[in-house]
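Notes to accompany the following structure.
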Amino acid sequence: MPRTEAVVFDLYGTLYDVHSVARECDACHPGRGMEFSMLWRQKQLEYTWLRSLMGQYIPFEQATRDALVYTCRALKVDPDPATLASLCDAYLKLAPYPDVPDVLRRLNALGLPLAILSNGSVFSIASVVDASGLRSHFSHLLSVEAVRVYKPDFRVYRLACEQLGVPADRILFVSSNAWDAAGAYHFGFDACWVNRDGRTFDELGAAPRVIGGLDELPVLSAKNKP
């Protein structure tokens, strides 16, 4: 088995809880904040994929706002511009999952470079990571902006190899999004799917490692560390 020389994380839903905005969403749609947040996230993902397929790249912030406008229309909500701006701003301050700070510290102690590779823009990634006070743990914050297409396009995954100077099979790529873990697996990463909720993996011809939480990652990395 190839040795792990770097660990690369997805951001949204992997390190940071995208549904930490549900409370703000509840103010827009009282009593249905989580339903609102889930539809918003679903459409955000769909819009990145569809834009990539159409060759019509837009910044992540616009895809997020477009998905929010759709969600409001679908749920019969007519928010004012200030509410839309407030909800989009909440996406720049997502909460990390509780185990994230300790996991990052333990991985840093192994001497492995850590990076984020995200569909977010440079601005969005930096905003989320800085708001949580975790930037110092990462050697690289990598955005799809560099190639103007979204994951799971291989051009995005290739950025990690180029920027870290590490072959794909020596990068442990970690995502809680099954489609992302599958894309990373097919690209050639040592892919790892974080299955926090006992979900079923998508039928995409991929077989990444599966863990139940990020706290298992230091064990995996320690075993493979050069």
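Per-residue extension of 0.36 nm, minus the Cα-Cα distance of residue 148 and residue 179, leaves a gain of 9.3 nm for this segment.
Would you mind getting me the FRET efficiency between residue 139 and residue 78? Use the beta-carbon distance for r and R0 = 45 Å, nearest 0.05.
Working: r = 45 Å, r/R0 = 0.99.
The calculated FRET efficiency here is 0.50.
Segment residue 108..residue 93, full-extension length gain: 3.1 nm, with 0.36 nm per residue of separation and the alpha-carbon distance subtracted.
Provide, for the chain, the number of lysine pairs with alpha carbons under 24 Å apart, each pair being eight or more places apart or on different chains. All intermediate terms of the calculation are to be shown ahead of the outcome.
Numbers: 43/76; 43/93; 43/151; 93/151.
Number of lysine pairs found: 4.
Only Lys, Arg, Asp and Glu carry charge here, each on its Cβ (+1 for the first two, -1 for the last two); on that basis region 18-93 has a dipole of about 160 debye about its Cα centre. Extension gain for the segment residue 216 to residue 50, taken as residue separation times 0.36 nm less the Cα-Cα distance, is 56.4 nm to one decimal. Loop-located trypsin sites (Lys or Arg not before Pro) in region 27-129 (DSSP state not H, G, I, E or B) with no more than 16 neighbouring Cβ atoms inside 10 Å: 32, 76.
Values in this text are rule-based calculations from the coordinates and carry no lab data. Just so it is clear, the model here is predicted, and its values are computed rather than measured. Note that each Cβ is placed from the backbone with ideal geometry, even for glycine, and that neighbours are counted across all protein chains shown.
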